[in-house]
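Scroll down for the structure; my scribbles are underneath it.
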Amino acid sequence: MHWIDPDHLPEVVGTVDLFLVNKHGEADGFLMTDGREVHVPPHLSPRLLRDVRPGSKVRVRGVSPRAVEMIAAVAIDTPEGRLLDEGPDHRPDEDEFEKAKHGPMNVQGVVRQPIHGPKGETRGAVLEDGRIIRLPPHEAERFSDLFFAGRKIAAKGEGATTSFGTVVEAREIGPSSDELKAVGGPKQPKHGPGHKKPKHHEKHHRPGHHA
């Protein structure tokens, strides 16, 4: 969003509580102590982790989706200076601040609050112990009744563990480990990946048809 002047965007001020981690082990946001959610582009992860810690006071300017208590950050003023989203081409040299440890993971616990993508779409939940469960957006919508604060939840999938957070990309999910349902993969195109549009001359001429 390097073309947006952040000083003309809405601002929220608060204290960082915990980082949100994506399936690659990057920090793509954080929660404030008042529960507000801040989405941060993953390419800013190295600088975010360098300049911000839980307890840091920050001022965030960005865009707020409708009906969701979150802000998609364009600029973050930290004790170390301003983090500005200038697009993925401006990813810093220290590309991978820390390599996540990946492997199968089972989690269960109580939902603290749902989490979202940059447009406000539900993407999963943070548990009360700080661990994160994520799903593809279309599947998160299907299982959205599990993501209310106070609900019990369990998941199995591919985990990523870092010093700043733990996440599982769920392959199975449910209200308990005995009630898991399979989570589908990425959403497929309407006609399937192998579908081809008919060529122009095939649209009007079926086999055996003669003018």
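The values are calculated or read from the model by the stated rules, or taken from the named source; none is laboratory data. Just so it is clear, the model here is predicted, and its values are computed rather than measured. Cβ atoms come from the backbone with ideal geometry, glycine included; neighbour counts cover every protein chain shown. All accessible areas refer to the heavy atoms of the entire protein, side chains included, with ligands and DNA or RNA removed. Shrake-Rupley method; radii C 1.70, N 1.55, O 1.52, S 1.80 Å.
Side notes on the structure shown:
- Counting only residues that are within 25 Å of residue 111 (Cβ to Cβ), open to solvent by less than 40 Å² (accessible area, probe 1.4 Å) and under 16 Å from the mean Cα position of the chain (by Cα), the stretch 36-63 holds 6 of them.
- Any chance residue 61 is in a helix (DSSP H, G or I) and either at pLDDT 95 or above or over 14 Å from residue 165 (Cα atoms) (or both): no
- Filter result for residue 54 (part of a loop (DSSP other than H, G, I, E, B) and within 23 Å of residue 128 (Cβ to Cβ)): yes
- Sole exception among (1) closer than 16 Å to residue 74 by Cα; (2) of a type outside the set (Gly, Ala, Ser); (3) in contact with a strand residue (DSSP E or B) (Cβ under 9 Å, 6 or more places away or on another chain); (4) not in a strand (DSSP E or B) for residue 12, by number: (4)
- Taken over the stretch 113-128, the criterion of being part of a strand (DSSP E or B) and in contact (Cβ under 8 Å) with a residue 24 or more places away in the chain is satisfied by 113, 114, 115, 116, 122, 124, 125, 126, 127.
- Matching residues, the stretch 129-173, being of a type in the set (Asp, Glu), open to solvent by 60 Å² or more (accessible area, probe 1.4 Å) and either assigned to a strand (DSSP E or B) or farther than 16 Å from residue 19 by Cβ (or both): 141, 145, 158, 172
- Selection of the stretch 79-112 for residues being part of a strand (DSSP E or B) and either at pLDDT below 95 or in contact with a Phe, Trp or Tyr (Cβ under 8 Å, 6 or more places away or on another chain) (or both) yields 81, 82, 83, 84, 111.
- Qualifying residue in the stretch 138-153 (condition: small (Gly, Ala, Ser), touching a helix residue (DSSP H, G or I) at 6+ places or on another chain (Cβ under 9 Å) and modelled with pLDDT of 95 or more): no
- The stretch 64-76, subset assigned to a loop (DSSP other than H, G, I, E, B) and not β-branched (Val, Ile, Thr), residue most open to solvent (accessible area, probe 1.4 Å): 66
- Every listed requirement among (1) in a loop (DSSP other than H, G, I, E, B); (2) open to solvent by 10 Å² or more (accessible area, probe 1.4 Å); (3) not aliphatic (A, V, I, L, M) is met by residue 25 save one, (2).
- Contact annotation: residue pairs with Cβ atoms under 6 Å, 6 or more positions apart or on different chains, pairing a residue in the stretch 150-176 that is closer than 19 Å to residue 138 by Cα with a partner that is outside any strand (DSSP E or B) and of a type in the set (Gly, Ala, Ser), are 154/176; 154/177.
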